[in-house]
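**Student:** Sharing a structure, written as structure tokens. Questions coming.
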Amino acid sequence: MRRAFLAALGILFTGALPALADDASDTADIAAARKFIEPVMGKTCDFQTNDDGTPDGDNNVFPLSYRTKGQDQDSPDYKLTLVQLACSSGAYNFNSIYLTRNADGVWELLTFAEPTLDFDYTDVNFSKLKAPPKVAGFITTTQLTNSEYDPETRVLNSSAKWRGIGDAWSAGQYQFVEGVFVLKKYEVDPTFQAPGEEEPDPSVPESYVVFDAAAVK
């Protein structure tokens, strides 16, 4: 039995289209987010800085608004600023952290729920499972891999390659609901193509949906 911790959490967004990367307000928000979080995540993230002193990497800003159940219909929407900061990168994956700032100027580092999975492989190459993966529980993480936020759907997607050729992977989908990101779906392909095998084994499922909020009653 091989236990692996899989990343995929969620929280949902309400939002508008991101501002241009060279917009002065975006640049200021990104710099402010980095200043806030660097003392906490400086040893975890490999923060890089451009020659002009601005944060380097795939950094983005999204304005968000939302309402909550039971909120007075005459009251205004709640407002948040969402900032995606580049944390670290490798040959085929990059990790981001996400922060929000509320109307009072208070910053918060977001955490995302993800399943912890158990795998029982049939062989030493991890090319086939004896049974579908089992969810052993849930943990939280501050980093999402290869993640993108879609302002139109208010969905944050992440996907991680387990190795360069991408034959094994995990992916999470998160929806912004009433001010938080909620894990909606988590899918994984935990099997690796066996050495010398030119085509995937057709008897091995392409992937497993290990969590689907739509199926939970």
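The values are calculated or read from the model by the stated rules, or taken from the named source; none is laboratory data. This structure is a prediction, so every number in the text was calculated from the model and none was measured. A quick note on method: Cβ atoms are made from the backbone with ideal geometry, for glycine too, and the neighbour counts reach across all protein chains shown. Quick note on the areas: whole protein, heavy atoms, side chains included, nothing else; ligands and nucleic acids left out. Shrake-Rupley method; radii C 1.70, N 1.55, O 1.52, S 1.80 Å.
**Student:** In vacuum, with every alpha carbon of the range 83-197 counted as one equal point scatterer, what does the Debye formula give for log10 I(q)/I(0) at q = 0.14, 0.18, 0.19 Å⁻¹? Two decimals, please.
**Tutor:** -0.67, -1.01, -1.09
**Student:** Using a 1.4 Å probe on the protein heavy atoms, what percent of the accessible area of the range 18-74 belongs to carbon and sulfur?
**Tutor:** 48
**Student:** Please turn the phi angles of the range 181-191 into ³J(HN,Hα) values with the Karplus equation 6.51 cos²θ - 1.76 cosθ + 1.60 (θ = phi - 60°), one per residue in order, whole Hz, x for glycine and proline.
**Tutor:** Ordered by residue, 3J(HN,Hα) equals 8, 10, 5, 10, 7, 9, 10, 8, 10, x, 9 Hz.
**Student:** Still on this structure, I have one more. Residue-wise, which Karplus ³J(HN,Hα) couplings in Hz belong to the range 62-79, taking 6.51 cos²θ - 1.76 cosθ + 1.60, θ = phi - 60°, and x for glycine or proline?
**Tutor:** Karplus values, whole Hz, x for Gly and Pro: 9, x, 10, 9, 7, 10, 10, 4, x, 5, 4, 5, 8, 7, x, 5, 6, 10.
**Student:** Roughly speaking, what is the stretch gain from Trp107 to Ser65, that is 0.36 nm per residue apart minus the C-alpha to C-alpha distance, in nm to one decimal?
**Tutor:** Length gained between Trp107 and Ser65: 13.5 nm.
**Student:** Given springs between every Cα pair under 10 Å in a Gaussian network model of the chain, which of Asp123, Asp58, Asp74 has the largest fluctuation?
**Tutor:** The residue that fluctuates most here is Asp74.
**Student:** How many nm separate the modelled label positions at Ser25 and Thr54, each set 7 Å beyond the Cα in the direction of the Cβ?
**Tutor:** Placing both labels 7 Å along Cα→Cβ, they lie 1.6 nm apart.
**Student:** What percent of all Cα-Cα pairs in the range 37-111 falls in each 10 Å bin, counting up from 0?
**Tutor:** 16, 40, 26, 12, 5, 0
**Student:** Here is a follow-up. Excluding residues on the same chain fewer than 8 positions from Lys43, give the lysines whose Cα lies under 24 Å from its Cα.
**Tutor:** Lys35, Lys161
**Student:** Something else: Counting each DSSP H run of 4 or more residues in the chain as -39500 (n - 2.57), what helix-only mean residue ellipticity at 222 nm follows after dividing by all residues, to the nearest 500 deg cm²/dmol?
**Tutor:** Values: 1 runs with 18 residues, N = 217.
One gets -3000 deg cm²/dmol as the mean residue ellipticity at 222 nm.
**Student:** Tilt of helix 24-41 relative to the longest C-alpha principal axis of the chain, in degrees (0 to 90, nearest 10)?
**Tutor:** The angle comes out at about 60 degrees.
**Student:** Which residue, Leu109, Leu85, Leu183, has the most motion in a Gaussian network model of the chain that connects Cα atoms within less than 10 Å?
**Tutor:** Highest fluctuation of the listed residues: Leu109.
**Student:** May I ask for the distance between the Cα centers of the range 151-216 and the range 71-150, given as a whole number of Å?
**Tutor:** Result: 12 Å between the Cα centres.
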